[in-house]
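Participant: Here it is, the structure in full.
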Amino acid sequence: MNQIFDPLNLLLAGIAIVVLWRLRSVLGQRTGNERSPLDKTFKPAPEAANANVLEFPKKDTGSDKVIDVEPAKPVWDGYAADGSAVALGLEKLAKADPTFLPKTFLNGAKLAYEMVVEAFASGDKAALKNLLSRDVLDGFSKAIDGRLQSGEKLTFQFVGFEKADFVAASLNEKRASITIKFFSQMISATYDKAGVLIDGDPKEIKDVTDVWSFERDVTQKDPNWRVVSTETLN
């Protein structure tokens with residue numbers, strides 16, 4: 001009889017199988033990730049902890065660099081002296097109307113000045129209507145009418161600006177007011193009805209200094225400023 005099938009051998013083999021099965025059920029299988037018996041808390045492996053985390057590139061804060069940020073300049077910078085009444089007035093206007101900028105206003109005022117003096121010279125009262133207050137318009141209209149009634153003829157050429165400066169700026173409740181001094185150059189000559197030169201010189205560039213005041217209601221949607229007073233200094 002073959003010894004492999006000997007009853008004693010079969011009995012021993014069966015006992016060995018039972019012992020191995022019991023050891024396996026108690027100890028389990030080693031996977032390489034088992035905790036040490038001394039480790040009382042579970043700490044996931046780094047790769048497992050970050051498995052579902054997307055790490056974005058971190059911005060270099062440049063902590064070792066000093067970055068100088070230039071502070072915003074006050075609205076009056078370049079147009080008025082620090083602490084002056086004009087500077088304070090421009091600050092108030094900018095707070096009441098966030099869209100207000102001295103540079104933009106000054107450019108608009110210069111354009112309005114040129115349009116007004118040219119319209120006055122040509123006798124265009126319709127062009128003056130939207131630029132002047134009622135009182136100033138009345139004064140300009142009377143001068144135009146008087147010139148026409150006397151038969152006088154005015155020739156005019158606007159040459160340009162030397163400069164334009166803020167003289168005053170204020171806000172009284174809802175009424176904003178700005179006064180500008182214009183230093184301009186122009187050529188003008190006035191002839192009587194017979195064609196005789198009675199004022200000016202058609203070949204001479206004349207320096208003219210005017211002080212004009214502009215106003216608008218800051219609570220109204222209409223952004224237009226109107227000339228409320230004019231004064232020629234020379």
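The values are calculated or read from the model by the stated rules, or taken from the named source; none is laboratory data. All values derive from a computational prediction rather than experimental measurement. Methodologically, a virtual Cβ is constructed for each residue, glycine included, from the backbone with ideal geometry; neighbour enumeration extends over all protein chains shown. The area values use the complete protein model at the heavy-atom level, side chains included, leaving out ligands, DNA and RNA. Shrake-Rupley method; radii C 1.70, N 1.55, O 1.52, S 1.80 Å.
Participant: Would you mind pulling out the separation of the Cα centroids of segment 204-234 and segment 121-155, in Å?
Facilitator: Taking the Cα centre of each part, segment 204-234 and segment 121-155 sit 16 Å apart.
Participant: Okay, next question. Taking a virtual spin label 7 Å from the Cα of Lys142 along the C-beta vector, which residues in segment 212-234 bring their backbone nitrogen under 17 Å of it?
Facilitator: 228-232
Participant: If you don't mind, another one. Given R₀ = 35 Å, what would the calculated FRET efficiency be for Lys103 paired with Leu197, taking r from the Cβ atoms and rounding to 0.05?
Facilitator: In this case the efficiency is close to 0.30.
Participant: Okay, next question. Pairs to check: Lys125/Lys181; Lys125/Lys153; Lys174/Lys221; Lys163/Lys206. Give those whose C-alpha atoms are more than 18 Å from each other in this structure.
Facilitator: Lys125/Lys181
Participant: While we're here: Using a 1.4 angstrom probe on heavy atoms only, work out the carbon and sulfur share of the accessible area of segment 66-201 in %.
Facilitator: 52
Participant: Mind giving me the nanometre distance, one decimal, between the label points for Asn234 and Thr155, set 7 Å out from Cα along Cα→Cβ?
Facilitator: 2.4
Participant: Quick one: go through segment 198-231 and flag any residue whose amide nitrogen is under 18 Å from the point 7 Å out along the Cα-to-Cβ line of Met115.
Facilitator: Hits in segment 198-231 for Met115 at 18 Å: 212-217, 221-230.
Participant: Under 1.5 on a/c is rounded, so check that first for segment 134-209, then, if it is not, pick prolate when a/b is larger than b/c and oblate when it is not; a ≥ b ≥ c are the square roots of the alpha carbon gyration tensor eigenvalues.
Facilitator: Oblate shape, in that a/c is at least 1.5 and b/c is the bigger or equal ratio.
Participant: Using a 1.4 angstrom probe on the protein heavy atoms only, could you order Thr230, Thr219, Thr179 from most to least accessible area?
Facilitator: Thr219, Thr230, Thr179
Participant: Continuing with this model, one more query. Given a 1.4 Å probe and the protein chains all in place, what does the accessible area of Phe105 round to, in Å² to the nearest 10?
Facilitator: Rounded to the nearest 10, the figure is 20 Å².
Participant: Once label points are set 7 Å from the Cα along Cα→Cβ at both Lys73 and Asn224, what is their separation, rounded to one decimal in nm?
Facilitator: The two pseudo-label positions are separated by 3.2 nm.
Participant: Could I ask something else about it? Between Asp124 and Glu173, how high is the FRET efficiency from 1/(1 + (r/R0)^6) when r is the Cβ-Cβ distance and R₀ = 25 Å? Nearest 0.05.
Facilitator: With a Förster radius of 25 Å, E is 0.15.
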